[in-house]
Amino acid sequence: MIRVGPKVVFRRFHSLVNPRQVVRIPLNIRAPLQSIQACQNKEQASLDEAPEEGKGRKKTGKKTKKKTVQGDEIDQFGDRGAKPDVEFTYFYQTLKDIVDQYPEDQYVVLIQVGSFYELYFQQAEKHASMLGLTLSKRVLKNHEIPFAGFPDYKLEKYLQIAFGQGLKAVVCDQQTTAQNVIVRPVTRLVTPGTIIDEALRDYHRTNYLLAIQFPADPFKKDALGQKIGMCWVDVGLSQFHVLETNMNELMANITRINPSEILIANDLDIDSLITGKWFPELGELKKYYISRYSLPSVSTPLLDFANRFSENKRLVQSRLDKLSQKEAGAAKVLLHYLNECLPFYKLSFDLPKRSLPNTLMHIDPRAAQDLELTETIVGGFRTGALASIIDKTCTVQGSRLLNTWLLSPSTDVEEIRKRQKYIEVFLNNHIFVQELIQLLRKTTDLGRIVRRADNKRADMGEYLELGHTIMIIDEIHKMVKDCPDKKLVNLVLPLFEKFKEYPALMSLSQSIINTINPQTLRVKIDTNRNDLEVLRKYWFLRPTASPKLAELRDKYDQLELRFQALIQQLSAKFEKCGYQGGFNLIRDPRTTDFVIDVRSSRKSFKSLVDNMDLQLRERTKSSAKFWTMEWQTLGTEMLFVEQEILREEERIISLIRDTLLSLSTELRQVAPIIEFLDVCSSFYLLAWEKGLVKPTVDRSTKFEIENGRHLVVEEGLRGRVTGVENFTANSCALDSGRGWVITGPNMGGKSTFLRQNALIAILAQIGSYVPATKAHIGIIDKVFTRVGASDNIFRHQSSFMVEMNETAIILRDSTERSLAIVDELGRGTSAVEGITIAYASLSHLVKNKNCKVLFATHFGPEIHKLMKDDKELERRTDFYQTTLTRIHDGDLPIDEKLIFDHKLIPGISSHSHAFEIAQLAGFPSDALELARKTYVKATSGLYKD
Ligand SMILES: Nc1ncnc2c1ncn2[C@@H]1O[C@H](COP(=O)(O)OP(=O)(O)OP(=O)(O)O)[C@@H](O)[C@H]1O
Ligand SMILES: [Mg+2]
C-alpha cells in the first residue's frame, strides 16, 4: 500500500518486494554511468541535428516502411544480439543505452533534453499515460521513436507521481563539459531514502536510509548471537548514525529508526529473511521498502570517505577507525550507495554517532503499531495516533525530534528528569513560554538550509530565513538571561553555551540581513523569463550590499530615467503622427536587436513609417518592429549594466554562501537549541491544556498510576453524542512479577485500559507529563504488546500462528523491568486449549520472567479456577473487571439499556454480555434468539459428550 499525503510521498512503501525479481535485476547504476562517460567525447547531441547523426553509420540500404520501435523489440535486440532492422542515430543510441539499463516496471528514466525532461522508447510507452503525458513519436528516416516529455521545472511534480506508483526514478541531467560537449549522465537515482527534492519530503519526519550488515552466514543457528551492523542517515540532514545489534534486537531497532528504505546485501537469501521462515521477527521487514545492494568488486576503503564528513579529516578518520567491524561494514555500504545514487550531490555529515541501545526503551515492532504511536493501524494515518494528539510543536525540526523521541523513549532517569524540569519551570512562566513560542514560530530548519546551500539549492528567501533564525536564537538567549525566574535562567541558559562561543554566526546573520532585499523576495520572480528581456525590475540584493553594487545600481537608475524619457519622447512623436496605440521597447529574441514593438492596424504603421525616422524591421498584420539608434544604444548600455549587477550579486551571494558553509558545523551545533526548546514547550502546552501531571520516574520497579487516561480515546469522546460524557479514569498498581487480569463485558474498556498504561509509560519516558492524577514509574526497559488476533497475510501465517509468534517473543525477551500488555490471548484457537495457553503464558511472565503484566481476557473465571493449584501465581495476580450498569428508561423490560461506565473494580466478570452487544449491533432477532437458547443448553450441560 502506498500512502501519498499532501507533502509526504514516500514514508513506508508497503508493497511487497518481489525478491526474485530484485535479485535478477540488481540495482546497478555504474553501468549506465560508465557507458555514458565513455561516449562523452563523441556526443554531439542536439535534438535538431540528432536524426542526421546516423549518416556516417552503416546503413541497411533497404527502404523500409516507417516502423515504431517498441520496447519489446529493443529488448530482443539487446538481449539476444539479433541485428535490428533499425539503426539509431548516435543521439538516440545513447538514450536507448540508458533506457535499456532500467526495467520499466521498476524505474522511470527521465532524460533532460534542453529545458525538458523526456521519456523515450519503452519508458515513454509504459509511463506516459501514468504520468498524464501525451505519447508522441519522433519520426526518423525509417522508424519512429516513442517519446513523451514535460518542462524541466515540473520535475518534482512528475517525480511525485512516479513515487506514488512505487517506481524509482533515474534522472539524467544535461550537462556541458569543459570541451563544450553535451552529455547526459545519470545524475541521480531517486529512491525513497535518497530524496532531495523538497516537494517530495516532509521535514516533520525523518527520512532515513538504513544499511544493515548481517553476519557472513546469517542462516545458521549460531548466527543468532552474532553482531549485526546498522548505519543510517537522512540525506536532507547531517546526522550519521551507527549501531551494533543482534538478531533479537534488530526489529525493535528498525522500528525505532523507522527507515524509508533499507539496504540489504544482494547475496542474502531475501526469501528466508523477510518471510520470517528463518527468524520469525524478521517477517516485519516486509513492511519496509527494501533495496538490494552490494559493494562493487573494487570498493573504496571506508577511511577514504572522510571527505563526506564536515569535521577535519584526521578526526573523522579516527572516529571511523573506532567503529566496530559490522558498523564499519554497514557505513561503507551506505556511503557507496549514496555515491552511486547521488554522484553529484554534496553530502557532508557530522561525526558518526553511536546509538546506545541500553539508554533507550525497546519498543517491540508490534507494540509501536498496536499502540498507534505515530500512525494508526488502519490506514496508517497520523491523525488518530498518539503523535497527532501530543505534538504541539511549532517548527518542523521540533516535530521531527518529538517523533524520534516517541519511537525511542529514554531509560536514562537523569535525561528524563531534565526534560521534566523544563516543563515544570515553563508551567511557572506562562508569559515567557508564550513569547518563546511566538519566536520559535519564526525560525527555520537550519540543518536543512545548510545542506541546500552546500548544493547551491538554497534560494535567497532561505538565506534570509537562516539570517533571521540566528537573530531569533540571540533574542531567545537575551530573553532567557532577562527572565526574573532564576530557576528558569539556571536551567535554560546552559543551552546557549555553544551559541555564545560563535560570534561569527551573528555577523553572518547581520551580513545576510543587510544584503538580501526582503521586498523583492515577496515578488514572484518568473524564473523562466526570457534572458533577452531587458528591464529587470527586481534585484535580490540591497544596493548597500557592496560599493560596486551601489555604483552599478546608481548607474542603472540613471539609465532607467533615460529609458522613461525615451518612452515619453516616442509617445509624443507617435501622437504627432496620429498613432494612438501602445508600444514596448524590447530586445528582439530572434535578432537580439533592440526594437520598438508596436501592435496596431496597418494604417497606423504606415503613418509611423512615413512620418518618423524609424526603420521598419518586421511587419505582420497586427504588429510591427521598428529600430532606432537611440534605443539600440540605450538598450545595450542597460543590458550591460544589468549583467554587471547580476554578476556582482552572484559574487556577493557566493561570498555569503562560502561564509555560511565555513560555519556549517557551528550552525548544526546551535540548531538543536530550537528543536529542544520547541519540544519542551510542546510538552508544556500539552500538560497545561490536558491537565497532565509530573510522574515520579526512578530506578524502582514500581508502576503506579492513579486515575490514568487514554489521551487519544479521550480526545475521540470529546463532543460525541454518547451515553458517556467523559473518559472514565482508572488506576493501576503493578510491580515486577505481578499481573493484573482484567475481565469484563465486550466494549467495557479492557483494551483501552491496557493500552493507556503502556502509553503513560512511554509518555513518562520521553520526558512528558502524563494523563493521570499521580504516577510513579520505575524505568521500563521494554514494552511488549500482544493485542487482537490479526492475520498476517504477508507472512502466510494464520491468526493463531501470528499470535503464538508474538507471544513467544514476549515470553522470551521480557525482563523484570518490562511491561507486557496481553489482550485476549488464546482466542484464536479452541476454548480449552486457548485457556491453557493463556494461563501458561501469564504464569511464565509473572513467575519466571518477573515482569509487569496486564492481561485482558474473557476467560477470567477459568483462569482463576486454574490458579487454585498455584498459590504463588494466585498471590501475585489481581483480578479486576470493568463495570456495566443497566438502566430502565421506560416501563417495559425491553426498555432496559446497558451503560458501559468503563470503571475498573476488583473482581472477575463471568459475563461478557455478548448477546446485548450483538443486539446493539443489530443482530437479526431470530438469530439472537437461537443463540440465547443454545447458550442455555450449553451451560446446562446438555452438550457434554
Ligand atoms: N475508560 C473509558 N472511558 C470512556 N470510554 C471508554 C473507556 N474505555 C473504553 N471506552 C470506550 O469503549 C470503547 C470500547 O473499549 P474497548 O475496546 O477497550 O473495550 P473491550 O473491553 O476491550 O471490548 P472487547 O472485549 O470487545 O475487546 C472504546 O472505543 C471507547 O470508546
Ligand atoms: Mg478488547
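The values are calculated or read from the model by the stated rules, or taken from the named source; none is laboratory data. Here the structure is a predicted model, which is why all the values come from computation and not from measurement. Cβ coordinates were reconstructed from backbone atoms using ideal geometry, including for glycine residues, and neighbour counts include every protein chain displayed. Quick note on the areas: whole protein, heavy atoms, side chains included, nothing else; ligands and nucleic acids left out. Shrake-Rupley method; radii C 1.70, N 1.55, O 1.52, S 1.80 Å.
Checking the table LYS750/LYS868; LYS421/LYS690; LYS287/LYS418 against a 27 Å threshold on Cα-Cα, which pairs fail? Result: LYS287/LYS418 exceed 27 Å. Projecting label points 7 angstrom from Cα along Cα→Cβ for LYS555 and GLU816 puts them 8.3 nm apart.
Each label point was placed 7 Å from the Cα along the Cα-to-Cβ direction; for ASP926 and ALA178 their separation is 9.1 nm.
Taking Cβ atoms as reference points and 11 Å as the exclusive limit, the residues near PHE594 contribute a net charge of -2, counting Lys and Arg as +1 and Asp and Glu as -1.
With all protein chains in place and ligands, DNA and RNA left out, the 1.4 Å accessible area ranks MET460, MET247 as MET460, MET247, largest first. Length gained on full extension, ARG314 to GLU874, computed as 0.36 nm times the residue gap minus the Cα-Cα distance: 195.4 nm. Taking K and R as +1 and D and E as -1, what net charge do the other residues with C-beta under 11 Å from the C-beta of GLU824 add up to? Within the 11 Å Cβ shell, the charges total +1. Using the basic label-point model (7 angstrom from Cα toward the beta carbon), what is the ASP658 to ARG718 distance in nanometres? Using points 7 Å along Cα→Cβ, the separation is 5.4 nm. For the stretch 661-733 versus the stretch 330-367, the spacing of their alpha-carbon centroids is 28 Å. Lys-Lys pairs in the stretch 543-659 that are eight or more residues apart or on separate chains and whose Cα atoms lie under 20 Å of each other come to 10. Centre-to-centre, using Cα atoms only, the stretch 398-428 and the stretch 436-464 are separated by 25 Å. Net length available on complete extension from LYS442 to THR134 is 106.6 nm, with 0.36 nm assigned per residue and the Cα-Cα distance removed. The gain in end-to-end length when the GLN510 to ARG354 segment is fully stretched comes to 52.6 nm, 0.36 nm per residue minus the alpha carbon separation.
For THR620 and GLN568, a Förster radius of 30 Å and the Cβ-Cβ distance give a FRET efficiency of 0.65, rounded to the nearest 0.05.
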